[in-house]
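The values are calculated or read from the model by the stated rules, or taken from the named source; none is laboratory data. Worth saying up front: this structure is predicted, and the values here are computed from it rather than measured. Neighbour counts run over all protein chains shown; Cβ positions are idealised from the backbone, glycine included. Remember, those area values only see protein heavy atoms, side chains included, never the ligands or the DNA or RNA. Shrake-Rupley method; radii C 1.70, N 1.55, O 1.52, S 1.80 Å.
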Amino acid sequence: MTVSPDQLPTDVADGSEIMRQFVPASPFVALLGVQIEDISDGAATLLVPYRPELTTVGTMMHGGLIAAAADIGVMVAAWAGRPVPDKLRGVTASLSLNFIAPLMEDGLRVRAHRLSTGRKTSHVRCEMYSQTDDVLVASATGTYQVG
């Protein structure tokens, strides 16, 4: 993510506020329909509502959607609560994902939390659940660099 400083208000408190502004403004994130349900220091809960155009076969949500949601969850948790860096940019350095169960005709809830925070790099765990029944469908870990 690269954002010029003049695109944000001068009173941005921290990385959580940056994410509250970035997530709805990102074209790809908006295409997927990702919404922030909750964000706090080092943690985020996101929701991706079910839409038939996000399926792969029948009513099964596409694995690529789940992978993208994990990546977005890692990003949001990495930024959440951090001080605003001099350069407003970030990048996923690594992402490891395990699919556990299919997500059938249901929204996806993403719960991500920062495991460790370095000067620029954060390690994040992310778990994806069915929205209705709270069934674990995938688990991921990622490394994200801020600034």
Return a yes/no flag: does segment 21-31 have any residue that is under 14 Å from Tyr129 (Cα atoms) and either open to solvent by 40 Å² or more (accessible area, probe 1.4 Å) or not charged (D, E, K, R) (or both).
no
Meets criteria (touching a strand residue (DSSP E or B) at 6+ places or on another chain (Cβ under 8 Å), over 18 Å from Leu115 (Cβ atoms) and not aliphatic (A, V, I, L, M)) for Gly73
no
Within 19 Å of Val34 (Cα to Cα), more than 18 Å from the chain's Cα centre (by Cα) and of a type in the set (A, V, I, L, M), is that true of Met75?
no
Can you work out which of the residues in segment 36-90 that are surrounded by fewer than 19 Cβ atoms within 10 Å (Cβ to Cβ) and basic (Lys, Arg) is farthest from Cys126 (Cα to Cα)?
Lys87
Could you check segment 37-51 and list, in sequence order, the residues that are over 21 Å from Gln145 (Cβ atoms) and either aliphatic (A, V, I, L, M) or under 10 Å from the mean Cα position of the chain (by Cα) (or both)?
Thr45, Leu47, Val48
Please go through (1) over 10 Å from the mean Cα position of the chain (by Cα); (2) at pLDDT 95 or above; (3) not basic (Lys, Arg) for Pro83 and return the number of the only condition it doesn't satisfy.
(2)
From the options Arg125, Arg119, residue that is of a type outside the set (Ser, Thr, Tyr), assigned to a strand (DSSP E or B), open to solvent by 70 Å² or more (accessible area, probe 1.4 Å) and out of contact with any helix residue (DSSP H, G or I) (no Cβ under 6 Å at 6 or more places or on another chain):
Arg125
Residue hits (segment 92-105; surrounded by fewer than 12 Cβ atoms within 10 Å (Cβ to Cβ) and within 13 Å of Thr121 (Cβ to Cβ)) are Ser94
Which ones in segment 85-142 are farther than 24 Å from Glu53 by Cβ, among the basic types (Lys, Arg) and touching a residue at least 40 places away in the same chain (Cβ under 8 Å)?
Lys87, Arg89, Arg111, Arg114
